[in-house]
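A.B. asks: Structure below; questions to follow.
The values are calculated or read from the model by the stated rules, or taken from the named source; none is laboratory data. Because the structure is predicted, anything quoted here is derived from the model rather than measured. Positions of Cβ are generated from backbone atoms using ideal geometry, with glycine treated the same way; all protein chains shown enter the neighbour counts. When the accessible area is computed, the model is the full protein with side chains, heavy atoms only, and any ligands, DNA or RNA have been set aside. Shrake-Rupley method; radii C 1.70, N 1.55, O 1.52, S 1.80 Å.
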Amino acid sequence: MAGLNRRDFLKALGIGSSASVMAACRLDDNRYYTPIEQVLPYVVKPEQITPGTPTFFATSVGTGPNAHTVLARHRDGRVINVGANRRSPMAGIVPTDALFELQRHFSPDRYQAPAKKGGEATDWDAARSELVAGIKAAKSGGKKVAWLGPYASGSIVKLLDDVTDGNAVYWEPLGYEADALAAEKVFGKRVLPGYDLAKAKYIVSFGADFLSGWGGWELANQYAKAKDPNEGGFVARFALVSPYQDQTGANADDWYQCKPGAQAQVALAVAKLVAAKKGYNGPAARLVAAGDPAAAAAASGLGEGDIDAIAAQIVSRDSVVLPGGASGATTAATELAMACFLINVVSGMAGKTFGLGTAYTGPVHSYGDVKALIDAMNAGSIGALLLGDVNPAYALPADSGFAEAVGKVPFVASFSSHPDETNALANVILPVADVFEDWGDEEVHAGLRLLRQPAQSPMYGALSLGDVLLAAARDAGLQAAAAAPVEGEVEGEATEAPAEGEEAAPAVAGPIGFTPATFREYVKAVWKAEYSGANFDQWFSERLADGFMHHDTAIGAAPISAGAPALAGTAAIEGEGEYFLHAYPHPFRKDGRFANQPWAQETPDPMTGMVWDSWVCVNPKTAERMGWSRNDLLELKTAAGSIQVGVEFYPGVREDVLAVAFGQGHAANGRYANGVGANVVSLLSAKADSFGALAWQQAKVAFNKVGTAELVTTIGSDTDQMRMMAPIADADTLAKVGDAESAHPGEMTGIHHLPLDARLHERGAVDFYGMTDHPTYRWGMTVDINACTGCGACSVACYAENNLPVVGKAKVRDGREMGWIRVNRYWGYDEAKPGLPVENRFLPMMCQQCAHAPCESVCPVLATYHTIDGLNAMVYNRCVGTRYCANNCPYIARRFNYHSYVWPEPFNLQLNPDVVTRTMGVMEKCTFCVQRLRSTKSAYRDQGIDRVPDEALEQITACAEACPTDAISFGNLVDPESGVTKHTKSGRAYQVFAELNTMSAVTYLAKASYHRAEDPHHGGGHGEEHGEAGGEHHEPEAHGDAHGGEHAEPAPKAEGAHHEEPAHGADH
Amino acid sequence: MRHLFRPTGAAAMMLLLAAISGGCPPVDEYPGDSNHPRAPHNLFPEYTSENGQIATGVTPTEALEQPIAFPHDRHVQVLGMECEFCHSEARKSIHAGVPPTQTCWNCHQHVKKRLDQDAPSPEIARIAEFYEKGEPIPWKKVHDLPDYVHFEHKRHVKAGVDCTECHGQIALMGGERQEDGSVEGTMYRETTLQMGWCLGCHETHPSVNENYGENADLRRAELKDCWTCHK
């Protein structure tokens, strides 16, 4: 062995192991070689495609009010990722829904062929003739053809309305029915009003989860703008009136713990107070006259002072009030939405933060409409039922009678491309092309339309829904109505006349009829009929390239309809017992539609860190009273049914409320969803409010402990253990009520610790290690904790970009999850009101790419090292799996492959070819998306530019690109003008564990809170006056505790104190 | 084995490891979460493309049997075609681009025989066969880098690296179908394509000096960074 150097040793290791395997597995060939691979060229190469280079298709995901424009990244024949469409007037973000849609697109459970009842596969021709026969039979029997599907807008609505003679119902569980009904009553139009949160200084939500997709992802982006203190801005205050803090509500600065069922009463009382304070005398005054603050206070458990405070804040600043969403959908759901709309009107905000000019005008049906369809099915007047991609058999309470009613329809066709509970009821399943394979368009509002185009050829030869319907309509001899009914079409009175007169045009379905051969032609015909300029084809292809058509549209007025009913505002949840059931939409799985997507199951729940399960959120005080502990299995019972869920302690829930998320407990939705968790809908009965909106919050709940659950969470701690991981900056010094905006300097106070490396450099300290030289780039990231809402989009985007394996519940329990970004959630409390979490923080934590990386120095094989660009590189094929690096990482950012995970086909088609899949025994971690950096540098070199400009870097990583609130920025720390460099100089900037001298490349910006006591210290670099105060503190190791409040800051560690003094001198 | 290392003192280590590893370990059952497939729990996994493992090692140097006995020599030497005439993505993308069958067919719908023969060529007929069936020609990869390597043709071509520096004298490689149906000499690999060989150029290639001038040292430092090529 003498003379065996390290390299030879490793070589021998590699060869030895492979040789032994070959021998042991009885492979005859004793050689060690790469298997011969094939290279398959195109027969005829499509013009747009360059092998090895991604092509981007502007398209839209989500339908109806949730539609968002994105870029589908096409590589070598398939869509591998979804990116932000930054050309569009919509926020350049990637909704998590789009990523879940992407995984759904490649789901191994997707139907590969049409199927008959019972699951017997058939072919497209047979299925289509069955469809035609079904429609023909219905028509010849004088019966109706009906459609029941999810929200939709644009051309497909015209086509469906034509095919069904207007008997199309567009309904989604946990949808916008209350808002649409309320708008119909108050404004005379069934629309979803538009909001502009960016202009608001005070945001009130009665429960709507607008930071996880409610009202479209645009709202989350606007919210971050309202909250942004970076440019000397005014930090908007967000108040939540709800019994439960979901991920959206956890961001609230004020939490009014309203008793379930009393939200409408509170809203009405606020409306009346606002009208009184504003001296409002308009038509809405009559509607809110019944508001009674005293009664509302009594019913809601809030103080009268609270209700008055909300009204006072609304009056004193620009405000916006958002309704209840599914969380506020009690038996007064529509009244709540009406009251919220009216607050916006009486506060004078219509036309500023609220209006009908940017309203969504597509059809939004209510449970009342679904119930009418169910009644018609029972009455035998529906001859053929066509089901879109909606799952009422799962999402509707059993006593709605949906399943029985469907059984009475002679012909039922489902157009869902994935198995679900509803499909089992269909005579024939036509698994049509999905959102990445089909043509289409969406009308976001009067001034913004999105186009959808195929980003790859359909998998398994799936056909387009539009194509199938057009052909079936022709074959069945249907006649399109002369003028199709137009649901809720706004004449655009509130908006200025559009340049090209698009939406003033009447419905055009009549003249188009069913003549276009394909749905693509149909969409073009619809757009052409509304286009008045020249050269339509060129114009249309330009719109396709953009993905949208837009002209500036004012948010518009909100005139009160003459016939609007006055609000009564009284409703309560009836039932036995004192505990209420709160059922809320899950930020990932929503109403259950994404339950079968492994990313939606394995990405930890933003609030609890739970994976692959259902749980009940219980206030710790309730649990203490009841003697429950975490992980106890409870049986929850209502009149409608029962479920079993494990207990999770959750400070963000009222003490008399038990909260369970929707979306789990599937029976027939695929291998990943079936049997996971429990379906909370089985606790509900089909109760609607007096306007026809389904009441999702309707029950009191009984319970008993039946055993022990096996909940698995990735969140290890409810606080940062006073380690300053997510400190608080004081927003009140920045944004006091009534202050002029210009008075705010934009600098936050309350951060006591500048990044240590900055201070080291300021005083020219000599570091033991010395600073690594970064001649061209030092890649850096900043994460604005103030903007981060905890939505988890970064985590999911990372799964999609970096080929992260999904490991399942058991492995997560063993601490073997593979997510490269985790979002730590820290509960934070107001000093005055302990137990009331209003200062919660989310801290996205990924590899910090330390310049002095603790992991590097312990790697025995140099598999991890510092690159010339400032990255902490990880060379997978050099890693031998000692795991020393992970042990030495203070951020717990490293993930180890305990197994070689495989992707069931066709998930493997989604894998990013620029990122290798890792095998067993290899350490991995965030790379700052080095593959994107590499290809971007290369793309600029192609143009002769040696240094990538900042604007191309700002959102280059998958997480930064996805982030709906633009909390994550990326760039070059060597460039003094780059965005990230400027962020690191902000008064809010800090680094996690800066005292460890890791010199991380990730800088966080502290959250601005309204709940800090006034802090005399400004900026950083104080410390002298606190330097010796550590003795009072019970944790002498910890650094300054921003939320202890009494300024009993512990003694900084030796080097901290040492460094701080000169810095202090320099500051003053 | 002969491609990777020559017998040294390290062989003893190899034999030791071979003895330790023994037979194929049993497949772990992973009770309770069968939804999340994993490869069999081999401590020393078998490297094949089929099981999703990282492919490693090198391709053999002898010519592979290709579906069509394509003669590079006649196209380049006799007809004087440039590489990029067919491999048209070499300057645009990370792949050089094996030409779509359409590219072959553009000419060979007219050219049915070899210049030195009178009878129609059966090899050219095969192109028509594939083209008409609409099936890709299943070429075998001769220059195959492991999956964990990121290689960009365009960077190298634009830097002024000649195709032959990596691919060898392809212009001399012919291809004849033998009587037993096998194909000989179509194309083979002349260089090792191993990391040390790559780094040799990254350290010394004159194009770096030509292209980067006074920044050449910096560029060389970048070119030697692991993450320049490893992904």
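A.B. asks: Check cross-link reach from B:K231 to the lysines: straight Cα distance under 16 Å, and skip same-chain residues fewer than eight apart.
C.D. replies: A:K925, A:K937
A.B. asks: Right, here's the next one. Can you find, among B:F151, B:Q169, B:W139, the residue sitting farthest towards the positive end of the charge dipole of region B:139-179, where Lys and Arg contribute +1 and Asp and Glu -1 at Cβ?
C.D. replies: Farthest towards the positive end: B:F151.
A.B. asks: Let's see if you can work this out: charge +1 on each Lys and Arg Cβ, -1 on each Asp and Glu Cβ, no other charges. What is the dipole magnitude of region A:177-360 about its Cα centre, in debye to the nearest 20?
C.D. replies: Approximately 520 debye in magnitude.
A.B. asks: Now for a separate question. Restricting to Cα atoms and excluding each atom paired with itself, what does the Kirkwood estimate give for region A:781-898 in Å?
C.D. replies: 16.3 Å
A.B. asks: Please report the carbon-and-sulfur percent of the accessible area for region A:177-360; probe 1.4 Å, protein heavy atoms only, DNA, RNA and ligands left out.
C.D. replies: 48 percent
A.B. asks: Straight-line reach from A:K1007: which lysines have a Cα under 19 Å away, not including same-chain ones fewer than 8 places off?
C.D. replies: A:K201, A:K225, A:K227, A:K736, A:K982, A:K985
A.B. asks: Using the heavy atoms of the protein chains and a 1.4 angstrom probe, tell me the accessible area per residue for region A:177-360 in square angstrom.
C.D. replies: Ligands and nucleic acids excluded, the result is 22 Å² per residue.
A.B. asks: So what are the ³J(HN,Hα) numbers for region B:142-154, from phi and the Karplus equation (6.51, -1.76, 1.60; θ = phi - 60°), rounded to whole Hz, Gly and Pro as x?
C.D. replies: Karplus values, whole Hz, x for Gly and Pro: 9, 9, 10, 8, x, 5, 8, 10, 9, 10, 10, 4, 4.
A.B. asks: Also, quick follow-up: Just checking the output field for A:45-57: average partner chain Cβ neighbours within 10 Å of each residue's Cβ?
C.D. replies: Counting Cβ atoms of other protein chains within 10 Å of each residue's Cβ and averaging gives 3.
A.B. asks: Here is a further query. For an R0 of 41 angstrom, estimate the FRET efficiency from the Cβ-Cβ distance between A:Y884 and A:R630 and round to the nearest 0.05.
C.D. replies: 0.80
A.B. asks: Chains B and A: buried accessible surface, both sides, probe 1.4 Å, rounded to 100 Å²?
C.D. replies: 7200 Å²
A.B. asks: At 1.4 Å probe size, with every protein chain present, just tell me what the per residue accessible area of region A:807-878 comes to in Å².
C.D. replies: Dividing the accessible area of region A:807-878 by its residue count gives 28 Å².
A.B. asks: Which of A:F842, A:C879, A:T864 sits farthest toward the positive end of the charge dipole of region A:826-882, with +1 on the Cβ of Lys and Arg and -1 on the Cβ of Asp and Glu?
C.D. replies: The residue sitting farthest along the positive end of the dipole is A:C879.
A.B. asks: While we're here: Using the Karplus curve 6.51 cos²θ - 1.76 cosθ + 1.60 with θ = phi - 60°, work out ³J(HN,Hα) for each residue of region B:124-133 in order, rounded to whole Hz, and write x for Gly and Pro.
C.D. replies: Per-residue couplings from phi come out as 5, 4, 5, 4, 4, 4, 4, 5, 6, 6 Hz.
A.B. asks: What's the carbon and sulfur percent of region A:580-708's accessible surface, probe 1.4 angstrom, rounded to a whole number?
C.D. replies: Carbon and sulfur: 49 percent of the exposed surface of region A:580-708.
A.B. asks: Further, regarding this structure: Can you compute the charge dipole magnitude of region A:580-708 about its Cα centre, using +1 on each Lys and Arg Cβ and -1 on each Asp and Glu Cβ, nothing else charged? Give it in debye, rounded to the nearest 20.
C.D. replies: It comes to approximately 160 debye.
A.B. asks: Here's a follow-up. Counting partner chain Cβ atoms within 10 Å of every residue's Cβ in A:665-673, what's the average?
C.D. replies: 1
A.B. asks: To continue, here is another question. Which residues, if any, in region A:864-882 lose at least 50 square angstrom of accessible heavy-atom surface (probe 1.4 Å) when the other protein chains sit next to their chain rather than the chain being alone?
C.D. replies: A:Y865, A:I868, A:N877
A.B. asks: How many Cβ atoms of partner chains, on average, are near each residue of B:222-230 if near means within 10 Å of its Cβ?
C.D. replies: 6
A.B. asks: Turning to a different aspect of this structure: If I model region A:177-360 as equal point scatterers sitting on the Cα atoms and use the Debye formula, what is log10 I(q)/I(0) at q = 0.08, 0.19 Å⁻¹?
C.D. replies: Relative scattering, expressed as log10 I(q)/I(0), comes to -0.20, -1.32.
A.B. asks: Among A:397-406, A:599-608, how do they line up from the highest to the lowest mean number of other beta-carbon atoms within 10 Å?
C.D. replies: Going from most to least packed, we get A:599-608, A:397-406.
A.B. asks: Could you sort the peptides A:973-980, A:946-953 by per-residue average Cβ neighbour count (10 Å cutoff), highest mean leading?
C.D. replies: A:973-980, A:946-953
A.B. asks: If you plug each phi of region A:632-645 into the Karplus form 6.51 cos²θ - 1.76 cosθ + 1.60 with θ = phi - 60°, what whole-Hz ³J(HN,Hα) values come out, in order, with x for Gly and Pro?
C.D. replies: 5, 9, 9, 9, 9, 10, 10, 4, 7, x, 8, 9, 10, 9
A.B. asks: What's the ranking of A:703-716, B:96-109, A:985-998, A:527-540 by average number of surrounding C-beta atoms within 10 Å, highest first?
C.D. replies: In decreasing order of mean packing, A:703-716, B:96-109, A:985-998, A:527-540 become A:985-998, B:96-109, A:703-716, A:527-540.
A.B. asks: Also: Considering only A:Y360, A:N251, A:A276, whose Cα is most displaced toward the positive end of the charge dipole of region A:177-360, charges sitting on Cβ of Lys, Arg (+1) and Asp, Glu (-1)?
C.D. replies: A:A276
A.B. asks: Leaving out ligands and nucleic acids, note down the accessible area per residue over region A:530-689 with a 1.4 angstrom probe, in whole Å².
C.D. replies: The answer is 33 Å² per residue.
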